[in-house]
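In what follows, a single structure is set out as structure tokens and then discussed.
The values are calculated or read from the model by the stated rules, or taken from the named source; none is laboratory data. What you see is a predicted model; the values in this text were computed from it and never measured. Neighbour counts are summed over all protein chains in view; Cβ atoms, including those assigned to glycine, are modelled from backbone coordinates with ideal geometry.
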Amino acid sequence: ADLTCESVPFTFDAEVQKNLDAQSGDKVESKGRFVGAEESHGQLCHEGMYITAQEIGARGRSVHRAVASALSSNPGYSLDITGHSLGAGVASVLAMMWADPTTGLTTTSSGLPPDRRLHAYCFAVPCVTSTILARSVASIITSFTYSYDSVCCLLLEKNKFCRCI
């Protein structure tokens, strides 16, 4: 089922999106700029991994409660999320849900203790995001991939492959 690679738009909370817009505004002049086909798809996320991350990591859900409790009990601790394969995909979506990629810190809107350092380490992760979304969250997600693992090379668009790097 995961090979169908259906995608949904990923939406950051307003404050994070404001920070991302400000950061990209510093780097690229958008007025009069040609937008390629890949970029026009915007911030897309693998639907199955997004739904799973929401089911366990949204405010009040099981994983969210456990993480919030652990961080509250341990002031000053940071949060490292990790996973393998589909778990890595879910870990990366949780990182996008809980942290601001411009600061690397948990957000108030996440419901976790704010301003805690957060990073996801993902092993053999399938394609979870569109290229444009991946670029915007690269500061909070590190992926480790074996170059000949074809699952890691699938694109979000059906029946297309990318070249592994």
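Can you tell me which of (1) at pLDDT below 90; (2) acidic (Asp, Glu); (3) under 18 Å from THR129 (Cβ atoms) is the one GLU47 doesn't meet?
(1)
Look through the stretch 111-135, keep the residues that are of a type in the set (Gly, Ala, Ser) and modelled with pLDDT of 95 or more, and return whichever of them is surrounded by the most Cβ atoms within 10 Å (Cβ to Cβ).
My answer is ALA120.
Applying the selection to the stretch 95-104, what residues are more than 8 Å from the chain's Cα centre (by Cα) and crowded, with 24+ Cβ neighbours inside 10 Å?
Within the stretch 95-104, TRP98, ALA99, ASP100 qualify.
Do you know which residues across the stretch 11-37 are at pLDDT below 90, of a type in the set (A, V, I, L, M, F, W, C) and not in a helix (DSSP H, G or I)?
Matches in the stretch 11-37: VAL28, PHE34, VAL35.
Can you tell me how many residues in the stretch 49-85 are within 17 Å of ALA99 (Cβ to Cβ) and assigned to a strand (DSSP E or B)?
5
What pairs can you find where one residue is in the stretch 101-120 and closer than 17 Å to ALA134 by Cα, the other is hydrophobic (A, V, I, L, M, F, W, C) and part of a loop (DSSP other than H, G, I, E, B), and their Cβ atoms are less than 9 Å apart, with a gap of 6+ or different chains?
From the stretch 101-120, the pairs are PRO101/PHE12; PRO101/ALA138; PRO101/ILE140; GLY104/ILE140; LEU118/LEU112; LEU118/ILE140; HIS119/ILE140; ALA120/ILE140.
What number of residues in the stretch 103-127 are assigned to a loop (DSSP other than H, G, I, E, B) and either in contact with a strand residue (DSSP E or B) (Cβ under 8 Å, 6 or more places away or on another chain) or aromatic (Phe, Trp, Tyr) (or both)? Steps first, answer last, please.
First, pick out the residues of the stretch 103-127 that are assigned to a loop (DSSP other than H, G, I, E, B): 103-104, 107, 111-116, 124-127.
Now restrict to residues that are either in contact with a strand residue (DSSP E or B) (Cβ under 8 Å, 6 or more places away or on another chain) or aromatic (Phe, Trp, Tyr) (or both): 104, 107, 112-116, 124-127.
Here the count works out to 11.
Got a number for residues in the stretch 66-87 being surrounded by 19 or more Cβ atoms within 10 Å (Cβ to Cβ) and in contact with a Pro (Cβ under 8 Å, 6 or more places away or on another chain)?
The number of residues fulfilling the criteria is 1.
Quick test of your reading of the structure: SER92 fulfils all but one of (1) at pLDDT below 95; (2) buried (at least 22 other Cβ atoms within 10 Å of the Cβ); (3) of a type in the set (Ser, Thr, Tyr). Name the failing condition by number.
If we test SER92 against (1) at pLDDT below 95; (2) buried (at least 22 other Cβ atoms within 10 Å of the Cβ); (3) of a type in the set (Ser, Thr, Tyr), just (1) comes out false.
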